[in-house]
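Below is one structure, written out as structure tokens; the observations come after it.
The values are calculated or read from the model by the stated rules, or taken from the named source; none is laboratory data. Keep in mind the model is a prediction, meaning the values are calculated, not measured. With ideal geometry, Cβ positions are generated from the backbone for all residues, glycine too; neighbour counts draw on all protein chains shown. Calculation scope for accessible area: heavy atoms of the full protein, side chains included, ligands and nucleic acids excluded. Shrake-Rupley method; radii C 1.70, N 1.55, O 1.52, S 1.80 Å.
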Amino acid sequence: MATVDEPLYPIAVLIDELKNEDIQLRLNSIRRLSTIARALGEERTRKELIPFLSENNDDEDEVLLAMAEELGVFIPYVGGVEHAHVLLPPLETLSTVEETCVRDKAVESLCRIGAQMKENDIVDFFIPVVKRLASGEWFTARVSSCGLFHIAYPSATDPLKTELRTIYGQLCQDDMPMVRRAAASNLGKFAATIEQSHLKTEIMSIFDDLTQDDQDSVRLLAVEGCAALGKLLEPQDCVAHILPVIVNFSQDKSWRVRYMVANQLYELCEAVGPEPTRADLVPAYVRLLRDNEAEVRIAAAGKVTKFCRILSPQLAVQHILPCVKELSSDSSQHVRSALASVIMGMAPVLGKDATIEQLLPIFLSLLKDEFPDVRLNIISKLDQVNQVIGIDLLSQSLLPAIVELAEDRHWRVRLAIIEYIPLLASQLGVGFFDDKLGALCMQWLEDKVYSIREAAANNLKRLAEEFGPEWAMQHIIPQVLEKINNPHYLYRMTILQAISLLAPVMGAEITCQKLLPVVINSSKDRVPNIKFNVAKVLQSLVPILDQSVVEKTVKPCLVELSEDPDVDVRYYANQALQACDQIMMSS
């Protein structure tokens, strides 16, 4: 009897779990749908499981979302592509629910299934789904239908294609703004599947209606359509139809539409080509850079370098640079920050002379900005300017500002400068570094903020790697070792950390002669934190040192620490002793 009931078991369990009050059980059951389908076999999955799921769609959104996702990859479990159409009914129902993320996932799964279906199945099964959704009473169905046209259209017969274009046109004029929004955001995908002859007539008239919609949320989605349609049209049609729309949108009464134009402008320029860009889009862009809404200026400022690349250097200097100067002293710190993050990229576009005359003063004013993010954005891109104007000029003009920032009251700014020092050092060269930046690097070891001290120790290691052990022996090691006598124990700890980082770069001989005696000496410190850090440092030095040194110097010191009154000191000393023994054994 058990064997007879066995095939019924998975579906019975599923039904029980799907009706369970515990949402987690219902979710688990949905996530195991593929396993259940394999147990049932293809035919029973088609005849029992899928109809059951179609009826069972009044659940929590979380469960419905999981169901919509699972069904998208269900074709192999229903018997392959020829039976894919059985998956459409449950997904059609899920496309009409109120929760947006469930609908979006159902549409995504429908698109995935439709893309694999045979042409005649699309005509017989998929297109009727699209039409039913598009004429749904409830707006949610009509919203979902907009995302399916691009899958349905290529396989349709000519009369059906005409019908689909007409239906889409109606959706673009729907009473509900949500439906018009969905139609506007999917127009580019749908247009990509339509023949050129209809593109110029029907689709462009639909597009024109959307661009004049009274809802700004529809118009701003039409901005995205500008770039998508521009790529599909011939250049002359693009200039005739798309360019006037972009220019109008850049003066739209809604700042959100202008913001979208500012965000998409580079793509729109690519669509219309270089000549119209210079003639019509430069004035539009200048307007956006001077917009009275900070959000629009932020979006426009972030695109300034990309936009200048399309223009000739003369045009950039003539039209864009005056706006950039204004933005560098903008009242909004976020605008200045957006500008600072891209302005360095303008140097290669404008060339050496224009950079020195026009851009350097702007860099300097941004480097002195009161807002730390603005200063950080400039510092992190200095190498782009260095390539254009050369190191001498860069150091004369920008170095005083960098030195000032190294002592900035915001510790994050100091941190960014430290992280940038090794790159700066490699660009400036060793001689320049010694003169101007060497003292700074030592000063940071005694900063009040731990993160700065830690970064300063790492910085010394990276500099030693960059300039080599001999240079480090002259310029880093003596100053570092001097600071071990600092009266504050936290600074002495930083020096121990610096020693453990520098030792692998400096090699066994210098470590043994110069660094190890300082560490051993610190084991007599009166502060327990220093003593257990000595144990940690000694443990890190063991692999570098000769065995004889470990036996004669390191181990006796650790043994002494392992008998310390402080429990933490004893713990770390014992750990280091164990590590010593392991390393000795393995070698």
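Carbon and sulfur: what percent of the chain's accessible surface (1.4 Å probe)? Each step should come with its number before you reach the end.
On the way: 13100 of 26310 Å².
The value for the chain is 50 percent carbon and sulfur by accessible area.
If I stretch the segment between Asp104 and Val81 completely, what's the gain in nm (0.36 nm per residue apart, minus their alpha carbon distance), one decimal? Don't skip to the end; give the middle numbers.
Details: separation 23, 0.36 × 23 = 8.28 nm, distance 2.27 nm.
Additional length available on full extension: 6.0 nm.
Using a/c under 1.5 as the rounded threshold, could you call region 271-366 rounded, prolate or oblate? The axes a ≥ b ≥ c are square roots of the C-alpha gyration tensor eigenvalues, and prolate needs a/b larger than b/c, oblate otherwise. Spell out each step's value before the answer.
Values: a/c = 1.93, a/b = 1.11, b/c = 1.75.
In terms of gyration-tensor shape, oblate.
For region 492-587, which GluC sites (Glu not before Pro) are in a loop by DSSP, counting at most 15 other Cβ atoms within 10 Å?
Numbers: sites: Glu509, Glu551, Glu560, Glu563; in loops: Glu563.
In loop regions of region 492-587 (DSSP not H, G, I, E or B), the sparsely surrounded GluC sites (Glu not before Pro) are Glu563.
At 7 Å along Cα-to-Cβ for each site, give me the label-to-label distance between Glu234 and Ser329 in nm.
For the pair Glu234/Ser329, the computed spacing is 5.1 nm.
Percent of alpha carbon pairs in the chain separated by more than 43 Å?
Details: 89521 of 171991 pairs.
It works out to 52 percent of all Cα pairs.
If exposed means no more than 15 neighbouring beta carbons inside 10 Å and the site is in a DSSP loop, what's the longest run of the chain without any exposed trypsin sites (Lys or Arg not before Pro)? Each step should come with its number before you reach the end.
Numbers: sites that count: Lys19, Lys118, Lys253, Arg290, Lys368, Arg409, Lys448, Lys524, Arg526.
With a cap of 15 other Cβ atoms within 10 Å, the longest stretch comes to 119-252.
So with the 1.4 Å probe, I'd like the accessible area per residue for the chain, rounded to whole Å². Show your work: numbers first, answer last.
Numbers: 26310 Å² over 587 residues.
Roughly 45 Å² per residue, with all protein chains present.
Within 10 Å of each candidate Cβ there may be at most 16 other Cβ atoms; applying that plus a DSSP loop requirement, which GluC sites (Glu not before Pro) in region 18-99 survive?
On the way: sites: Glu21, Glu42, Glu43, Glu48, Glu55, Glu60, Glu62, Glu69, Glu70, Glu82, Glu92, Glu98, Glu99; in loops: Glu21, Glu60, Glu98, Glu99.
Here the GluC sites (Glu not before Pro) that fit, given the DSSP loop and packing criteria, are Glu21, Glu60, Glu98, Glu99.
With a ≥ b ≥ c the root eigenvalues of the C-alpha gyration tensor of region 102-249, is it rounded (a/c under 1.5), prolate (a/b larger than b/c) or oblate? Numbers along the way, then the final one.
Numbers: a/c = 2.01, a/b = 1.37, b/c = 1.46.
Verdict is oblate for region 102-249.
Looking at Ser331, Pro422, Gln575, which one has the Cα that reaches farthest to the positive end of the dipole of the chain (charges on Cβ: Lys, Arg +1; Asp, Glu -1)?
Pro422
With each pseudo-label sitting 7 Å past Cα toward Cβ, what's the Asp175-Gln578 distance in nm, one decimal?
In this crude label model, Asp175 to Gln578 measures out at 7.7 nm.
Taking the Cα centre of region 126-239 as origin, sum charge times position over the Cβ atoms of Lys and Arg (+1) and Asp and Glu (-1), and report the length of that vector in debye to the nearest 20. It would help to have the intermediate numbers written out before the result.
Values: 11 positive and 15 negative charges, 81 e Å.
Roughly 400 debye, rounded to the nearest 20.
When the dipole is taken about the Cα centre of the chain, and only Lys, Arg (+1) and Asp, Glu (-1) are charged at their Cβ, what size is it in debye, to the nearest 20?
Values: 57 positive and 81 negative charges, 353 e Å.
That gives a dipole near 1700 debye.
Looking at the square roots a ≥ b ≥ c of the eigenvalues of the Cα gyration tensor of region 402-543, which shape do they give, rounded for a/c under 1.5, prolate if a/b is larger than b/c, or oblate?
Working: a/c = 2.17, a/b = 1.32, b/c = 1.64.
Here region 402-543 falls in the oblate category.
Using +1 at the Cβ of each Lys and Arg and -1 at the Cβ of each Asp and Glu in region 99-200, identify which of Ser185, Leu110, Trp138 lies farthest towards the dipole's positive end.
Towards the positive end, the residue furthest out is Ser185.
Given charges of +1 on the Cβ of Lys and Arg and -1 on the Cβ of Asp and Glu, with all other atoms neutral, how large is the dipole of region 172-293 about its Cα centre, in debye to the nearest 20? Can you show the working numbers first?
Values: 12 positive and 19 negative charges, 72 e Å.
Dipole of region 172-293, to the nearest 20 debye: 340 debye.
Hey, rough spin-label estimate for Leu490 and Glu370, points 7 angstrom out along Cα→Cβ, what's it come to in nanometres?
2.8 nm
Once the Cα atoms of region 17-83 are picked out, what are the Rg and Dmax in Å?
For region 17-83, the Cα-based Rg and Dmax read 11.6, 36 Å.
Tell me which of Ile298, Pro313, Gly230 sits at the most positive position along the dipole axis of region 207-330, charges placed on C-beta atoms (Lys, Arg +1; Asp, Glu -1).
Positive-end residue among those listed: Pro313.
Can you give me the Cα centroid spacing of region 35-91 and region 221-245 in angstrom?
41 Å
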